[in-house]
1. How many residues does region 6-60 hold that are of a type in the set (Gly, Ala, Ser) and more than 21 Å from residue 104 (Cα to Cα)?
2. Answer with yes or no whether residue 104 is touching a helix residue (DSSP H, G or I) at 6+ places or on another chain (Cβ under 6 Å) and of a type in the set (A, V, I, L, M).
3. Can you go through 201, 231, 205 and tell me which one is without any contact (Cβ under 8 Å) to a residue 12 or more places away in the chain and touching a helix residue (DSSP H, G or I) at 6+ places or on another chain (Cβ under 8 Å)?
4. Have a look at 26, 73 and point out the one that is closer than 18 Å to residue 138 by Cα and crowded, with 18+ Cβ neighbours inside 10 Å.
5. For region 172-190, does any single residue satisfy the condition of being buried (at least 16 other Cβ atoms within 10 Å of the Cβ), part of a loop (DSSP other than H, G, I, E, B) and in contact with a Gly (Cβ under 9 Å, 6 or more places away or on another chain)?
6. Need a quick list: helices (runs of 4 or more DSSP H) entirely within region 1-92 having at least 3 residues that are modelled with pLDDT of 95 or more and among the charged types (D, E, K, R).
7. Quick one: residue 203 ticks every box in (1) more than 16 Å from the chain's Cα centre (by Cα); (2) of a type in the set (S, T, N, Q); (3) closer than 10 Å to residue 129 by Cβ bar one, so which box is it?
8. If you scan region 209-262, which residues turn out to be under 30 Å from residue 41 (Cβ atoms), aliphatic (A, V, I, L, M) and surrounded by 19 or more Cβ atoms within 10 Å (Cβ to Cβ)?
Amino acid sequence: MLVHPNFDPVAIHLGPLAIRWYGLTYLVGFACAFWLGRLRIKQGKTGRVTYAALDDLLFYGVLGVVIGGRLGYVLFYKPGYYFSHLLEIPAVWHGGMSFHGGFLGVLLAVWWVAKRNRLRWLEVTDFLAPLSPLAFAAVRLGNFINGELPGRITTVPWGMVFQGAGPLPRHPSQLYQVALEGVLLFVILWIYSAKPRTLGALSGAFLIGYGTLRFAVEFLREPDDFLGLLALSLSMGQWLSLPMIVVGVGMFIWAWRRPQKV
């Protein structure tokens, strides 16, 4: 049995300003995606996506992640509470971000970037797909540092006791997500994107890969205490992942039937 180290959530104190590890992991995630994007453009593997489009993606993608992630949490997880406490909706420093909400925010940002740069929407999503998983890994590492979103109770040797989650060991599900939704998905998509693919194929592969891995790891992650398990004993994260898988399969089939390459 292991014990969570209980890291100080604040990485750096600058007088009254506190820079938190969680915020830094977001910065690391965006930096990784930006660097990988520049590398792919340099390698000539991005079709018509340019450095200028990548700069736009970074700026509007940050807005999409933060605004979409927060609104997704408000609407998907605690609508009743936040509709009664409207002034707390912008208080992201109190915690509460939704991956699926951030994903929708990024899709909106991609639409805007594609329009600004006269690109097809799927050209941009295909470009973005292999860049994203390492950013997910960085943010999940931030969850682990904060000791938040622990897994379900377990007897495995690497089970970990998290402060505030009771005395029993739990799955370090944040690290599972780092490994699966982050590193493994990155390796799969990076290898798959090494050769030219039909328009939409990379986007479909991303949706299938992330949705499936997230759905699987949710069986080991403790459901939100204010929601518990929903219909069919599935968590909110699993129900939100199912549409990703379905759309991804449909997109992959559609792309596979198209003859042209991007």
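1. Going through region 6-60 one residue at a time, the tally reaches 6.
2. yes
3. Of 201, 231, 205, the one residue that is without any contact (Cβ under 8 Å) to a residue 12 or more places away in the chain and touching a helix residue (DSSP H, G or I) at 6+ places or on another chain (Cβ under 8 Å) is 231.
4. None of the other options fit; the residue is 26.
5. Yes; the residues of region 172-190 include at least one that is buried (at least 16 other Cβ atoms within 10 Å of the Cβ), part of a loop (DSSP other than H, G, I, E, B) and in contact with a Gly (Cβ under 9 Å, 6 or more places away or on another chain).
6. Filter on region 1-92 gives an empty set.
7. (1)
8. 213, 244, 251, 255, 262
The values are calculated or read from the model by the stated rules, or taken from the named source; none is laboratory data. Nothing here was measured: the structure is a model prediction, and the numbers come from that model. Here the Cβ is made from the backbone with ideal geometry for all residues, glycine too, and neighbour counts use every protein chain on show.
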